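Below you'll find the structure, written out as C-alpha cells, and then a few comments.
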Amino acid sequence: MEEVKKKQPVSIPEVKEIMEKVDPESMDQIQRWTYDYVTKFAKIDSKAGKKLKQQLVKECNITDEEAVEIVNNLPTTEAELRAFTFGWKKLILAETLEKMLKLIKENA
C-alpha cells in the first residue's frame, strides 16, 4: 500500500478531474462507483471549482474544508447557505454570506 504524502480537502469537481486521467477499464469497482458519482454530481468544472474554493478561503475567511462544502453544493440563497454555515459552529456575518453568494454566482 502506498503511503499518504499529502492530505488536503478536494471538491467533487476536482475529484472528477483527477479520475478523468485514469483509464476506466483499469478502475476497480469502488473507483468506478466514485467516478460515476462525481460525473453525475459535479455542478461546475474543476477550474471554476478551484477558483471558487480559493476565493472563498481568501475573501470570506473560511477553511478549505468549509469552502469544499460550498463548492460541492453551490447554495443559491442565503437560507441554503446558512444551512451549511450553521454546522460550522461559528458566526458568519450577513455581509460575508452575501459575498459568498456573489462569488458562487460569478463562478457557477
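With a 10 Å cut-off between alpha carbons and a GNM built on the chain, which of Ile30, Ile18, Ile70 moves the most? The residue that fluctuates most here is Ile30.
Ignoring aspartates and glutamates fewer than eight residues from Lys89 along the same chain, the ones with Cα atoms less than 20 angstrom from its Cα are Glu59, Asp64, Glu65, Glu66, Glu69, Glu78, Glu80, Glu98. Selection among Ile92, Ser11, Thr63 by position relative to the dipole of the chain gives Ile92 as farthest towards the positive end (Cβ unit charges, Cα centre).
The spacing between region 1-73 and region 90-107, judged by their C-alpha centroids, is 21 Å.
Calculated mean residue ellipticity, 222 nm, the chain: -19500 deg cm²/dmol, from DSSP H runs (n ≥ 4) at -39500 (n - 2.57) each, averaged per residue and rounded to 500.
Between Lys40 and Glu98, the C-beta separation translates, for a Förster distance of 22 Å, into a calculated FRET efficiency of about 0.15. Using R0 = 35 Å, the C-beta based FRET efficiency linking Glu106 and Met27 works out to 0.55. The mean sequence distance of close C-alpha pairs (under 8 Å, at least 6 residues apart), as a share of the length of the chain, puts its relative contact order at 30 percent. Among residues other than Lys90 with Cβ under 13 Å from its Cβ, the summed charge is 0 (Lys and Arg +1, Asp and Glu -1).
Filter Lys6/Lys43; Lys21/Lys90; Lys5/Lys102; Lys40/Lys99; Lys5/Lys99 down to the pairs with a C-alpha to C-alpha distance above 32 Å, please. List each step's numbers first, then the result.
Values: Lys6/Lys43 26 Å; Lys21/Lys90 38 Å; Lys5/Lys102 35 Å; Lys40/Lys99 28 Å; Lys5/Lys99 34 Å.
Where the Cα-Cα span goes over 32 Å, the pairs concerned are Lys21/Lys90; Lys5/Lys102; Lys5/Lys99.
Every read-out reported here was derived from the displayed coordinates using simple, explicitly stated rules and does not represent laboratory data. What you see is a predicted model; the values in this text were computed from it and never measured. Here Cβ is always computed from backbone atoms with ideal geometry, including for glycine, and neighbour counts include all displayed protein chains.
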